[in-house]
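A.B. asks: First, the structure itself, so that you have it in front of you.
Please treat every number below as a calculation from the coordinates, not as lab data. None of the values given here were measured: they were computed from a predicted structure. Using ideal geometry, Cβ is built from the backbone for each residue, glycine included, and neighbour counts are taken over all protein chains shown.
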Amino acid sequence: MPCLTPSGFCRYAIPYQTPKEKPNKMSENANIGIGTQVYHPSFGRGVVIEVEMGAYDVYFKNRGEKQIPRGDDRLEVRVLVEDTIDRLSLSEVENALENVLRKWSDATELIPMGDKWTGGTLIMKPNSDSLKSKEIPMEAFFHKIVMTRDRLRVMEQKINASKNLNDEEKVALQQYVTRIYGSLTTFNVLFANKEDHFSGTGSSGL
């Protein structure tokens, strides 16, 4: 409705309306970059100031800096600024790290032992009854066997990658490693899976 003023002008009262934003739920795979404006029900409005591997560092006007996990579905994207940096995903980094550890470290894999040996005991009994027998839990003995196998594997890899050995020396050392593998085939009965067995052909047969 028109409203009369002393000056004679007629004005309409039109209330100001804030432009509506279309919030989008932030997914774990969203291409969120620095500068993206977001909203969180617990912290209010904020701006992404850093993109981490598994989280976003967000500065909220009233709550300061907070770290929000990538999978937090409460976080809404209000104004998207796409990330232009080619970043590795968390799963890609984990896979790469696992491959490096397997190739160069002596970290022992989780190799299952045969069910029939679980809870068993290895008894080393001397030929004289006057001497005390030695008992070792099968789990502990099996763990030592697996550690031996994995250290042989690491040694084999380091021989092949060595820059100080020529091809003839590498072949000679590899033959020794292969013989060691063959000597340990007696313990294959302890493994639950055949693919984990020792083989006289070296680690390629493990």
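A.B. asks: Quick one: which residues, 5 or more positions from residue 191 or on another chain, have an amide H under 5 Å from its amide H? H modelled 1.01 Å from N in the peptide plane, none for Pro or chain starts.
C.D. replies: 114
A.B. asks: Using a basic spin-label model with each label point 7 Å from the Cα along Cα→Cβ, how many nm lie between residue 49 and residue 154?
C.D. replies: Roughly 4.2 nm, to one decimal.
A.B. asks: Calculate the length of the line joining the C-alpha centroid of the stretch 49-80 to that of the stretch 126-143, in whole Å.
C.D. replies: 58
A.B. asks: Quick one: 3J(HN,Hα) in Hz for the stretch 116-128, Karplus 6.51/-1.76/1.60 with θ = phi - 60°, rounded, Gly and Pro as x.
C.D. replies: Each residue of the stretch 116-128 in turn: 5, 9, 4, x, x, 9, 8, 10, 9, 10, x, 7, 10 Hz.
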